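Data block below; observations after.
The values are calculated or read from the model by the stated rules, or taken from the named source; none is laboratory data. Note that the coordinates shown come from a computational prediction; the quantities given were computed from them, not determined experimentally. We place every Cβ from the backbone using ideal geometry, glycine too, and count neighbours over all the protein chains shown. The area values use the complete protein model at the heavy-atom level, side chains included, leaving out ligands, DNA and RNA. Shrake-Rupley method; radii C 1.70, N 1.55, O 1.52, S 1.80 Å.
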Amino acid sequence: MVALQVAPLRQFLADFTRLVQEPHGQTEILAQGSALLEKLVSTDGWLPEDTAQPHAEHYQQYLLYADPLSRFSVVSFVWGPGQKTPVHDHRVWGLIGMLRGGETSQNYVRYSDGSLHPEGAAVTLQPGNVEKIAPDLLDIHQVSNLYDDRVSVSIHVYGGNIGAVSRAVYLPDGTEKAFISGYSNSYIPNIWDLSKENTHV
């Protein structure tokens, strides 16, 4: 019953859709949404295998779901051993939930001369942990696989269709380079087919 494995993801999407349908502000969405994501990443076995495949040279960002009104999107980030992002921003709120392995996130702040510098100690995420990001709080960071010898997978939820959002990567002097990330997958796995599931179980 392979289709049953994606039931937690379907439930998460239903619950998150109900959340964004309410007139909540960013603070409440992040608070309630982090609890929903924590529940999702507290168990494994539901992520479609083709959205958990690493690349030998760079991390992968697979789209799992995009809300048709662009209120949120859900993606899996797959980190090969030792891989990391450039320093970048998001420009929408976000939630990061660790599913497998681990990752570190180093926040950055801009000084008065425009340069960027690390802010505080790096945050380490282990399976089941959730981190919040927001444009008006901490939005610029660099993320790395915690491990040099294994693949790590995290689940991200963003307040928009993140693969279509114009964002920026940063050089140490604070110079911005615009980018739109897109997605690594060419199609979205079909998690909605209930025909093979025993709904009486």
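So here's what we get for this one:
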| item | result |
| --- | --- |
| Computed E for Ile180/Arg71 - FRET, C-beta separation, R0 22 angstrom, nearest 0.05 | 0.70 |
| Extended-chain gain in nm, criterion 0.36 nm per residue less alpha-carbon gap, Asp113 and Asn190 | 22.9 nm |
| Whole-Å distance, taken between Cα centres, linking the range 62-129 and the range 26-47 | 15 |
| The range 19-33 - phi-based ³J(HN,Hα) in whole Hz, Karplus 6.51/-1.76/1.60, Gly and Pro as x | 4, 6, 6, 7, x, 8, x, 4, 4, 6, 4, 5, 5, 5, x |
| Descending semi-axes in whole angstrom, ellipsoid equivalent of the range 1-118, from the Cα gyration tensor | 26, 22, 12 |
| Global geometry of the range 139-194, whether rounded, prolate or oblate, following the gyration tensor of its Cα atoms and the 1.5 cut on a/c | oblate |
| For the range 102-110, Karplus couplings with θ = phi - 60° (6.51, -1.76, 1.60), whole Hz, Gly/Pro x | x, 8, 10, 10, 9, 7, 10, 10, 9 |
| Glu22, Glu131, Glu28, reordered so the largest accessible area comes first (probe 1.4 Å) | Glu22, Glu28, Glu131 |
| Spacing of the two label points (7 Å from each Cα toward its C-beta) at Ser166 and Leu137, in nm | 2.7 |
| Calculated FRET efficiency for the pair Arg91/Ala35, C-beta based, R₀ 25 Å, to 0.05 | 0.55 |
| 20 Å Cα-Cα reach of Lys84 towards lysines, excluding residues that sit fewer than 8 places from it in its own chain | Lys132, Lys177 |
| Karplus-derived 3J(HN,Hα), 6.51/-1.76/1.60, for each residue of the range 122-128, Hz, glycine and proline x | 5, 8, 9, 10, 10, x, x |
